[in-house]
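Report on one structure; see the data block that follows.
The values are calculated or read from the model by the stated rules, or taken from the named source; none is laboratory data. Just so it is clear, the model here is predicted, and its values are computed rather than measured. Reconstructed Cβ throughout: ideal geometry from the backbone, glycine too, with neighbour counts over all protein chains shown. For accessibility, only protein heavy atoms count, side chains too; no ligands or nucleic acids. Shrake-Rupley method; radii C 1.70, N 1.55, O 1.52, S 1.80 Å.
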Amino acid sequence: MASRVLILYAGGTIGMARADDGYRPMTGFEDVLRRLLREQVAAVLPDFDVVALPEPIDSANLQPSHWTGLARELVVRWQSYDGFVVLHGTDTMAYSASALSFMLRGADKPVIFTGAQIPLGEPDSDALGNLLGALTLAGRHGIPEICLYFSGRLLRGNRSTKLKSEAFDAFESPNYPHLADVGADIALYADALLAPATRAFVVPQFDAEAVAVLPVYPGISARIVDAITGSPRVRGLVLRTYGVGNAPDAQQAFMDSLARATGRGLVVLNTTQCVSGHVIQGTYATGAALDRIGVLPGGDMTLEAAFAKLHFVLATNSDADVVRRALGESLCGEVS
Ligand code: ASP
């Protein structure tokens, strides 16, 4: 039986048109899409429907509440389709793909995020290629994952990151192999895919202020840490450290400020500023110091996955031990 795929248009460059002040999401993009896809007689595509969010956005405006909205749109239609394509802006696509991977853990069919660097209606756009690739993959059985497809690469959503601001091959998953490469043929790497798992979806409401991100940099002070961790609604912090997870431990006031925050129950997750590789707290004394004050190592998680995971775990648990345990394990392939 032919597969049926839902295309959900959430916004992003793919469906934008030029306005006086730059690109903006266009109205009626669903109709453009339907018409264009029907004209693709050369491509063998699954059957599809298209729906648009009531207000498609430039994804630079994304809020954690949008994740709840996106997940709900998919969950209410889950049984009616064999796969889903989410058209999303590239700026925060990896955040959304990561967030949905936690909410839709146990997905038994593909959800494939894609978008474009150049709007569909413009010359030399990458949009049609990304759209056709994502649609084709979403119609295939045996991809039980939340993925991101861009420029011929199918990536695990919660392993992906936007590395290039203009180039067509904008996304990579530096710490995890591609799930598929699409050229003249589709090479699907079954060994890299998540094993199917049965689990009920969990779609929480998020507090936008619950999680903050702080990069360490030469000269970072206790005042900066206090200002961020002292904000009453911040419950989690993604710390962006150097190399394998090193921070300026010789700055006693900085370390004391972090220690006060963890002592109050704030959850601090340590990720590296490097594009690839792991955090291994304790390789250097500067990293071991973080261990001693209760900072959790984030392994090889991307910033986007760590941020979304911290939001998800905090939104769904109030018990500190459960939160720390969940952050220490792989929930859906986001960490090695
Ligand atoms: N600012 C756009 C967005 O993220 C960029 C894009 O889609 O490529 O919505």
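For the stretch 62-94, a residue qualifies if it is open to solvent by 10 Å² or more (accessible area, probe 1.4 Å), more than 26 Å from GLU209 (Cα to Cα) and either among the β-branched types (Val, Ile, Thr) or touching a Gly at 6+ places or on another chain (Cβ under 7 Å) (or both), and the qualifying residues are VAL76, ASP82.
Go through the residues of the stretch 46-68 one by one and say whether even a single one is free of Cβ contacts under 8 Å to residues at least 24 places away in the same chain, away from the ligand (no atom under 14 Å from the Cβ) and in a helix (DSSP H, G or I). No, every residue in the stretch 46-68 fails to be free of Cβ contacts under 8 Å to residues at least 24 places away in the same chain, away from the ligand (no atom under 14 Å from the Cβ) and in a helix (DSSP H, G or I).
Among the residues examined, THR27 does not qualify as surrounded by fewer than 18 Cβ atoms within 10 Å (Cβ to Cβ), under 27 Å from LYS309 (Cα atoms) and of a type in the set (Val, Ile, Thr). Look at the stretch 197-215: where a residue is of a type in the set (A, V, I, L, M, F, W, C) and loosely packed, with under 12 Cβ neighbours inside 10 Å and a partner is part of a loop (DSSP other than H, G, I, E, B) and modelled with pLDDT of 95 or more, sitting 6+ places away or on another chain with Cβ atoms under 6 Å, you get ALA208/GLN63.
When the stretch 80-122 is filtered for residues that are over 17 Å from the mean Cα position of the chain (by Cα) and more than 10 Å from the ligand (Cβ to nearest atom), the ones remaining, listed by number, are SER80, TYR81, ASP82, GLY83, ASP108, LYS109, LEU120, GLY121, GLU122. Of all residues in the stretch 102-145, how many are touching a Cys at 6+ places or on another chain (Cβ under 7 Å) and open to solvent by 10 Å² or more (accessible area, probe 1.4 Å)? Here the count works out to 1.
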